[in-house]
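To start, the structure itself, in structure tokens.
What follows is calculated from the coordinates using simple rules that are stated; it is not laboratory data. These numbers were taken from a predicted model, which means no experiment stands behind them. Heads up, the Cβs are rebuilt from the backbone with ideal geometry, glycines too, and the neighbour counts pull from every protein chain shown.
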Amino acid sequence: MNGGADLERRMIVNIGEQRFDKMIEEHKFYIDKTGFIKEWWEYGSTVTLITRPRRFGKTLNLRMLESFFSNQYANRGDLFEGLSIWEEKVDFSSSEAYPYRHLQGTVPVIFLSFASIEAAEYTDMVYKITEVISQLYEQNRFLLEGDLLSENEQNYYRKIQPGMGSEVAAGAIHSMAGFLQRYYGTNVMILLDEYDTPIQAAWLCGYWDKAVSFFSGLFNSTFKTNPYLRRGLITGITRVAKESIFSGLNNPEVITTTSDKYAAYFGFTEEEVFRALDEAGLGAEKQKVKKWYDGFTFGRYTDIYNPWSIASFIRNEGRYDAYWANTSSNGLVNSLIQGGNTEIKMMMEELLQGKAIVVEMDEQIVFNQLVGDANAVWSLLLATGYFKVIQLAVVEEENGEDGEEGDVWYTLALTNLEVRRMFRKMVRGWFYGDAKLSYNNFIKALLTADVEAMNEFMNKIALYSFSSFDIARSVAEDDAPERFYHGFVLGLIVELAGRFEIISNRESGFGRYDVMLIPSDKQKDCANIIEFKVHKPQKEKDLAQTVANALAQIEEKQYAAQLAARGFLPTQIKKYGFAFRGKECLIGSNTYDVSDMVEKDKDNMQQ
């Protein structure tokens, strides 16, 4: 907490304030993170990239650095009085230590944010970047006074306007650093916030290659070939692969969510949260708050809390909600999971049921691999805060089972209850409008073993939502029914969690079933086995035969063996065959005469 502040001062919570000076001046709720200033300054890396999920204090910490170092804040030491940095001393072991307060307000600082730069077209993206750079030049128009700049430089300065060419824009931050260095007589600190927002938009909107070319030039000019740079700090959500936009930089220090360095300075530690709850009169809520908002793992810190949700929870006097999850549409994550392959959906089935997955991945995000590469998707979900690392293991010796030496295996789980609720809401959103109504009716029909109604509503679900499960850049067309099917299973998990244990594609007896629903209360509900098959016209004359083959496979492979071992009687087990042909579905069961299915299929064919 702000050291000298009283309780009343600390509990004035303003959600969304990102200006450090305003938070301190207006006595807003603030947890002291000024220790970051000392650590970052003394580690000494010329350029540092720090990735953290959204709303985790990245902007506030950059603004804090600006308020501390910038000569625009000279003589504003009052902002830091009572905070830890004000009592710290600089000691690089090469000279006599001196107070950090002597550094306050002594460095020219360039602060830029790309947080709002999202555009559907490449030209619009570049234009928005030029607006940000033009604002930087406008803020420093005092440089045009006197004879600091030559006539050519003054003409160049005045040409920096929104809509300037991309080549001019790529070198403009470099040039401004040179002007400021000449004016102040010392090199410049450059702080760039949310660098990857426009890059993610470029991938989503289809102009990735052009954007990579532009940003490679911009970042190379700003952070590599810049003799006026003293220190640079870049923040974002993802670590975009160096081969993409950072290929020109000389080994910037990269700090991700698995790095120990700076781990306690983004987000709130458990000690900080519990102290804040006590001071807000909400101490009795600690364990429930932990369940909802804890779970983020940054380096060795395994109990990092989401600051946005904690501040919102306190401001709303202890009301629980998915505050952080609701600050984004989660469009990229949604499209990758809904349109993802079978492996992605099957692992999401595990995660939504509170289990962990073990995957090999690289924390660098290669956006061009997101479609069709499950491990690239897991990397994105870890970077964005939806996954937490339970265990990290490095292969020490090469072997066929665990992979090559140096491979890294991550044990991952959903971060907390807030994130789990977000994913449940996301899956429900896949079945919207008429599809949602049909899905709800299908669930009711399944629970009452009404096969006629199951057929009616499953066909409506497939009609309304089948195509949305394929992101089309695409994978084999034959995979589309299975993608839809696993999306359907995720829907079952969301709607029936607690009432049923839902298992998909597991060994049982002598073969594999597609999904098994095991009731928590066998006196109330029957167990269900569903075998999913795609119609093969070369081998099956109609969908009814596909259904019959599915039901026969359930019997031949003894899929009910696991249920029998749990004490279920044959009368307590329902068996269903689902047959798909395009968007058409036919369902039969062990208690429903398949001949009825034959007649139904003939009627459908005639129509």
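Can you work out the FRET efficiency for the pair residue 538 and residue 558, with r the C-beta to C-beta distance and R0 = 30 Å, to the nearest 0.05? Don't skip to the answer; put the middle values down first.
Working: r = 28 Å, r/R0 = 0.92.
Calculated value: 0.60.
Taking +1 at the Cβ of each Lys and Arg and -1 at the Cβ of each Asp and Glu, which of 266, 229, 255 sits farthest along the dipole of segment 219-272 towards its positive end, judged by Cα position relative to the Cα centre?
It is 229.
Might you report the magnitude of the Cβ-based charge dipole of segment 13-64 about its Cα centre, with Lys and Arg at +1 and Asp and Glu at -1, to the nearest 20 debye? Display every interim value, and only then the final one.
Values: 10 positive and 7 negative charges, 62 e Å.
Here the size comes out at about 300 debye.
At a Förster distance of 45 Å, what's the computed FRET efficiency of residue 139 paired with residue 319, Cβ-Cβ distance as r, to 0.05?
The formula returns an efficiency of 0.65 here.
Under a 5 Å amide H to amide H cut-off, with H placed in plane at 1.01 Å, what residues pair with residue 304 once short-range neighbours are removed?
Placed amide hydrogens put 295, 296, 298 under 5 Å from residue 304.
Convex hull over the Cα atoms of segment 31-263, averaged projected area in nm²? Write out the running numbers ahead of the final one.
Details: hull surface 53.6 nm².
Over all viewing directions, segment 31-263 projects a mean Cα-hull area of 13.4 nm².
Positive end of the charge dipole of the chain (Lys, Arg +1 and Asp, Glu -1 on Cβ, about the Cα centre): tell me which of 202, 543, 49 has its Cα farthest that way.
Among 202, 543, 49, the one farthest towards the positive end of the dipole of the chain is 543.
Considering Cα pairs under 8 angstrom that are at least six residues apart, work out the relative contact order of segment 31-263 and quote it in whole percent.
Here the relative contact order equals 29 percent.
In nm, to one decimal, how far is the modelled label at residue 392 from the one at residue 150, with both set 7 Å along Cα→Cβ?
4.9
What is the magnitude of the charge dipole of segment 54-170 about its Cα centre, with +1 placed on the Cβ of each Lys and Arg, -1 on the Cβ of each Asp and Glu, and no other charges, expressed in debye to the nearest 20?
Computed about the Cα centre, the dipole is about 340 debye.
Contour minus end-to-end for residue 260 and residue 404, with contour as 0.36 nm per residue of separation and end-to-end as the Cα-Cα distance?
Working: separation 144, 0.36 × 144 = 51.84 nm, distance 2.48 nm.
Result for the pair: 49.4 nm of gain on full extension.
Dividing the alpha-carbon Rg of the chain by 2.2 N^0.38 Å yields what? Provide the component values of the computation, followed by the final result.
Details: Rg = 28.9 Å, N = 607, 2.2 N^0.38 = 25.1 Å.
In units of the globular-protein estimate, the chain measures up at 1.15.
Would you work out the Kirkwood radius for segment 305-444? I mean one over the mean of 1/r across all pairs of different Cα atoms, in Å.
16.9
If R₀ is 45 angstrom, what is the calculated FRET efficiency for the pair residue 87 and residue 247, using the beta carbon separation as r and rounding to 0.05?
Result of the calculation: an efficiency of 0.60.
Residue by residue through segment 407-419, which ³J(HN,Hα) values in whole Hz follow from phi under the Karplus form 6.51 cos²θ - 1.76 cosθ + 1.60 (θ = phi - 60°), with glycine and proline marked x?
Here the 3J(HN,Hα) series is 4, 10, 10, 10, 9, 10, 9, 5, 5, 6, 5, 4, 5 Hz.
Report the charge-dipole magnitude of the chain in Debye, nearest 20, computed about the Cα centre from +1 at each Lys and Arg Cβ and -1 at each Asp and Glu Cβ.
1200
Around residue 46, with a cut-off of 10 angstrom between Cβ atoms, what is the net charge of the other residues, counting Lys and Arg +1 and Asp and Glu -1?
Value of the local net charge: +2.
For the pair residue 39 and residue 78, how long in nm is the line joining their label points, each one 7 Å along Cα→Cβ?
Taking the two extended label points, one gets 3.0 nm.
Give me the extension gain from residue 501 to residue 18: residue separation times 0.36 nm, minus the current Cα-Cα distance, reported in nm with one decimal.
That pair, residue 501 and residue 18, stretches by 169.5 nm at full extension.
When you count, for each residue, the other Cβ atoms within 10 Å and take the mean per peptide, how do 434-441, 233-240 rank with the highest first?
Descending packing order for the listed peptides: 233-240, 434-441.
Among 301, 287, 238, whose Cα projects farthest towards the positive end of the dipole of segment 223-305, with charges put on the beta-carbon of Lys, Arg (+1) and Asp, Glu (-1)?
Checked the options; the winner is 238.
Any chance you could give the angle, 0 to 90 degrees and rounded to 10, that helix 270-279 forms with the longest Cα principal axis of the chain?
80
Please identify which residues in segment 192-221 have an amide N closer than 19 Å to a label point set 7 Å out from the Cα of residue 335, following the Cα→Cβ vector.
Output list for this probe position: 196-213.
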